[in-house]
Structure formats: structure tokens, C-alpha cells
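Single-structure report; data block below.
The numbers here are math on the coordinates, done by the rules we state, and not lab data. Values in this document were obtained by computation on a predicted structure and should not be read as measured data. Cβ atoms come from the backbone with ideal geometry, glycine included; neighbour counts cover every protein chain shown.
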Amino acid sequence: MHEENKAAANGCGKIRSGAQNGAALLALMEKTGYSMVQQNGQRKFGGPPPGWEGPPPPRGCEVFVGKIPRDMYEDELVPVFERAGKIYELRLMMEFSGKFIGVCVSLDNCRLFIGAIPKDKKKEEILNEMKKVTEGVVDVIVYPNATDKTKNRGFAFVEYESHRAAAMARRRLIPGTFQPWGHTIQVDWADPEKVVDEETMQRVKVLYVRNLMISTTEDKIKAEFNKFKPGVVERVKKLRDYAFVHFFHREDAVAAMSIMNGKCIDGASIEVTLAKPVNKESSWKQHFNGQISPSSENLLGFPNKEDSTQKSLGKPASLSVRLNGQHSPGPPEVERSTYPIFPGIKLTPISMYSLKLSHFSSAVMHLDYFCHKNSWAPPEYCLYSTTSQDGKILLVYKVLISSIADDSQSYFMPEKLCTTVEDAKELAAQFTLLHL
């Protein structure tokens, strides 16, 4: 099929020559007064538009549009997008394909995760190193080691002035092209911060306290936060090197945050912020991009064709089959190949919580990881047993999930019994994940 016919079939009009494109874009600029600049594989229209006063639009005002036909340019796109409102800036990548476009809110992520950083490097050193090779660096967030506050945890978050600056930095910091302090670093997008509406945050009366010493007790934290006004703290829940401090009244929580931020407890300089409540109803499903559905019965052991085949052979279906049946969209499959460790290969200590969800193959690990990411208490498993008619011991776990930030608790227990502890725990974790 000729290109003209392809375009007509796609509803995209006729193919235009370079001269026609140039004339159409020039006419657009003359009509609108917007400027147009091409750099780094994209063409920028506006930003700011003529007559614009004040700062650029805040985060959340940008949308991403994908699958734009290859032969469609700004002179055709601008009138379409202007129907929704005044355009501040349009950035057009120079290679596209497809018949239909897709529109979603742009993530507008301005933060990069930098891993494999030497643990003896201070915030100022990391900040200066990032500023040397990337533009638009606003801040560097470094977490002290839980047991040795003189060292970092081997990773940092670099905040940039815009999503574009972060994207350009990510391209610049590709492993192998930049080795600060002689180390090959890891670079990826940081997980977007949870956005909680202002009305909800106005009701929060719990403080999140970070950078505590492992040895610091809940009683010590409560005593320190009660110093400025005795009796204002309801309770404290500490997990490793961070804690949640619950107050009876919001005004006392806000006052304590202002007073205690930066103070020293047991020799550690603490950081104090308002705790962000987490919406349990949507968090897990969003984590898997909607791949998991509570109606997926095979995940909880209901028979399918594969089960029937195995049972006909006199073998019980494995839990992996029951949890990840052919017709049930479960967590992403993990590549489980093994690779040799060659002599001299460098191994870097990391925390399991710095990995991505796709690195875990079991529901138990998924649930632990998910609770940690949402600043919840670790899941608690309570084991129960009963005896079958033929005398077998059957087991089931009940799981308790506590959201420390908003003081809520939820219990989950599947309606299936297992013959082994491992299967019972895996089944309970999977059931919990489906109902969070």
C-alpha cells in the first residue's frame, strides 16, 4: 500500500512535504505568537506562551499523549488540545506511530533514585557530584544508616526542578557513562510520592519521625515529645529506626513537629513530618496497575483445568498453580534463572526494600514489601489448625495488617485449609493482598 493510501486509511490526511510542513508551522507561530525550539529529540512549542506572567503551572497540570500519527504536527495538534484550555507548553517527540492516541495525567516525576553510592559519602558530597554532571538539581535526600549514623544507606534520591530535567539527568547518568568516586552507580525513577488531599492532611494528628537510633525505645520517644507540653502524646509505635507518634489533638501534633524537627534523641538528629494516611482500598491494586482482581477465584484454590489434570494423576495441585492459575492475572512473573558468580565479581550489599516488586516471587514477600512501602507495621500471622475426617492436621493463617499512620487494623483469613505451614502462609498472604 502506498504511503498516501496508508495515511488515508488511518484517517491522517495526505503526506506533506518538508516545505509544506515548514509553511504550516510558520503560519501557526505567526497566528499564535508562540515560539518553537527543537532540541534533544523533541520540539517545544511555547513554554511560556506570549504574555505569560508569573511562575509556570504547578505540578499536575501536564498530560501525556501517546500514539500520535507520524504525519501529524503542531499545526493540527494545537487546535485539538486548545479545546481543553490554554496551552502553556507542548513538547512533541519526533518519532510516533499508531492510529489512536491515548491521554493520561502525566506522572511529572522530578526525583531519581541513585543506588550503589559509597556509604561514607555525605549529603553535600553527593549533591556536589550530581550538580557537576546534571542540570536542575534542587536537593539530595540521603538516609543515614540505621546502625551507624555516620554512614548513608548506599542510596540517595536526587530532586530536580522539573520532570524534563530529571529525564535528561537519567539519560546522562546511564550506568557505565558516569562513575562518581570510581563506582558504577544504579539510576532509576524514584517511586512517586503519595499525594494526599489537603482536606485529609488537615485532620492528621500523627507525626512520622525518621532517623532514630535502633536502641531508642518507644518510652524515650514519648517522653521527649511530651516535654514541650506534658500529656499530649497518646502513644508511640516504633519500627526499626522510624516511628509514628500519635497525639490526642492535631494542634499539639503541629506544634510538636515544629519544635522537635532537627532535635537530637540519643545522639541522632531526627526528622519530623506529618504522617500521610494511606488508602488501603486502592493501594494494592494501583501497585499492580490493576492486574489483580478479587474475583479471580483460581488465586484462592478453586479448581481449574490444570488442577483437574493433576488430580486425575493422583497428585494434589501445587500452591503455585492454585495461586497463579492460567486464567488468573497474578503478580508479575519473576525470572528465576541462575547465573554463575565469576571470580572477582563485585557484590554490593543492598536492602530488599530498595528492590522493585517484580524481584519477589512469593506473596509473603510481596505483602512484607507492600506494608513497608506504605509505612505500615509488618504483617502479623496467627496460625490455626483443625483435623480433617481422615485425621490430617489442616492449617490456616489469619493475617493482621496495622496502618500505624491512621491507627486502623484489618484482619484477613482465607476460606481454605492447607496441609503445610508454607502453603498456609502463602495462601493467607495472597488472600490479604487481594483484599487490601
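Here are some notes:
- Viscosity 1.306 mPa s, 10 °C: Kirkwood-radius Stokes-Einstein D of segment 111-189 over Cα pairs, µm²/s: 128 µm²/s
- Pairs of Lys in segment 356-434 closer than 17 Å at Cα, counting only those 8 or more apart or on different chains: 5
- Rounded to whole numbers, the Karplus 3J(HN,Hα) couplings from phi for segment 378-383 are x, x, 9, 10, 10, 8 Hz, using 6.51 cos²θ - 1.76 cosθ + 1.60 with θ = phi - 60°, and x at Gly and Pro.
- Per-residue ³J(HN,Hα) for segment 226-242, Karplus 6.51 cos²θ - 1.76 cosθ + 1.60, θ = phi - 60°, Hz, x for Gly and Pro: 8, 4, 6, 7, x, x, 7, 8, 7, 6, 10, 10, 10, 10, 6, 10, 9
- The stretch between E218 and L25 holds 63.0 nm of extra length on full extension. This uses 0.36 nm per residue minus the Cα-Cα distance.
- Centre separation in Å (Cα based) which lies between segment 389-404 and segment 43-82: 55 Å
- Annotation for segment 356-436: GluC sites (Glu not before Pro) lying in DSSP loop with at most 16 further Cβ atoms inside 10 Å of their Cβ are E415.
- Trypsin sites (Lys or Arg not before Pro) lying in DSSP loop within segment 339-436, provided at most 15 other Cβ fall within 10 Å: K346, K356, K392
- Nonlocal amide H pairs with K263, under 5 Å, H built at 1.01 Å: I270
- Integer Hz, Karplus 6.51/-1.76/1.60 couplings in order for segment 64-80, x for Gly and Pro: 9, 10, x, 6, 6, x, 4, 9, 10, 10, 4, 5, 9, 6, 4, x, 5
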